[in-house]
1. Could you please report the charge total around A:N159, scoring K, R as +1 and D, E as -1 over all other residues with beta-carbon less than 10 angstrom from its beta-carbon?
2. 7 Å from Cα along Cα→Cβ at both A:Q174 and B:A123: what's the point-to-point distance in nm?
3. Quick check for me: using +1 on Lys/Arg Cβ and -1 on Asp/Glu Cβ, what's the dipole size of the range B:37-179 about its Cα centre, in debye to the nearest 20?
4. When Cβ neighbours within 10 Å are restricted to other protein chains, what is their mean count per residue of peptide A:81-87?
5. Taking the Cβ of each residue in A:S5, A:S183 as the centre, tally the other Cβ atoms inside 10 Å and list the residues starting with the fewest.
6. Any idea what the dipole of the range A:47-204 comes to, in debye rounded to 20, about its Cα centre with Lys/Arg Cβ at +1 and Asp/Glu Cβ at -1?
7. Per residue of the range A:158-164, what does 6.51 cos²θ - 1.76 cosθ + 1.60 with θ = phi - 60° give for ³J(HN,Hα)? Whole Hz please, x for Gly and Pro, Karplus curve as stated.
8. Compute the FRET efficiency between B:A55 and A:T71 as 1/(1 + (r/R0)^6), taking r as their Cβ-Cβ distance and R0 = 45 Å, and round to the nearest 0.05.
Amino acid sequence: MKNESTFIDVPAESSSAMKGKAPLIGVAKDHTTSGSGGYNRGLSIFDFLLRLAAIVAASVAAGTMFTSDETLPFFTQFLQFEAGYDDLPTFQFFVIAMSMVAGYIVLSLPISVVTIVRPLAAAPRLLLLVLDTAIMGLTMAAASSAAAISYVAHNGNQNTNWLPICQQFGDFCQKTSGAVVSSFVAVVFFMILVVLSGVALKRH
Amino acid sequence: MAKESTTIDIGEPSTVTKSTSHAVVDEKKKSFVTAAAGGGYKRGLTIFDFLLRLAAIGITIGASSVMFTAEETLPFFTQFLQFQAGYDDFPTFQFFVIAIAIVASYLVLSLPFSIVTIVRPLAVAPRLILLISDTVVLTLTTAAAAAAASIVYLAHNGNANTNWLPICQQFGDFCQTASTAVVAASISVVFFILLIVISAISLKRH
């Protein structure tokens, strides 16, 4: 171990100035107004707005299906003269699933606000992405199974002798079809939300 | 202007001093170091991703072909119902076969991207492409599986209010085969959710 001695001039007044000129080391991780943080914050705000829109879509779907009752003013000897969502188990599943989805989005709003406030935090975004993917699967399942039943109700099936009930229950069919369309819109919103979370995670 | 002079002992050679200072590490070196330390973790994830894709290919091809060959002809005549049942009697099952076949071919086409993420664990673009397209294909798979499931449920139970008779009473074999195909498609939905979560976790660790 060699001992070297040397003389170093430390000017008293300019030491603070020299300190001020030192390069920035150790970038703080949580500053919220850097370039990447601003972009992420924009993504989070768009995410929040999409969630609000998805709440509307999901609750409209559930509500329209729930209130789609129709009673015919006449009697026939074959078919029932009342139709409601609870006559078809698939529509019951649809109402329950869409209500759960709407409730989930309301509960995920605080987490979305956290990602706006802390744009560089990865854990809330990852949690939102995983939950959104699962809920998107549920929404799509409810939407497509109700769509399949609506299709049979509209067109019937010759091979199985399933009559198209929409000939009699036009109002009921219209409302259920509207509910199905609204839930597909909610699915599109969820897809965009998942992709947004993925893009925002990439930018860390 | 007062000048102060002081003596500083440089006890060790300067190269050793430089290597022990943590202060000046630029961003690229930092990320490289963390990637080298966590590289094993990520590579394990991508290998698992690749294996999941292979399993999902097998299951989706199985689901589509099982539904495609789900025919049954009854040995007797009845005056109400048709005595033949096949997947093309139900538009929903036709959609199921076509959609699951599309999903299976997408999975085959996505295998090269998965291999790229294994070979280059730090590449972000392939992972992001996989995440986006997996999300879209998850939606398609769920749609096909759920629609076919609702028709299978209807065929098993019928509906008293709409006078739709449960055809599975007559076509037991056909119903069983169709139900197997729907179950296989639902399993592939679970695989897709796992694939998306793996892609998200891999993206996060950059």
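Just so you know, all these numbers are worked out from the coordinates, no wet-lab data involved. Quick caveat, the model's predicted, so the values are computed rather than measured. So basically every Cβ, Gly included, is an ideal-geometry build from the backbone, and we count neighbours across all protein chains shown.
1. Details: positive: none; negative: B:D88, B:D89.
So the surrounding residues net to -2.
2. The modelled label-to-label distance comes out at 5.4 nm.
3. For this selection, approximately 860 debye.
4. Numbers: counts 0, 1, 2, 1, 0, 1, 4.
Per residue, the average neighbour count from other chains is 1.
5. Working: A:S5 9, A:S183 27.
Going from least to most buried by this count: A:S5, A:S183.
6. Details: 6 positive and 8 negative charges, 192 e Å.
Dipole of the range A:47-204, to the nearest 20 debye: 920 debye.
7. 4, 6, 10, 6, 8, 7, x
8. Working: r = 50 Å, r/R0 = 1.12.
After rounding to 0.05, the efficiency reads 0.35.
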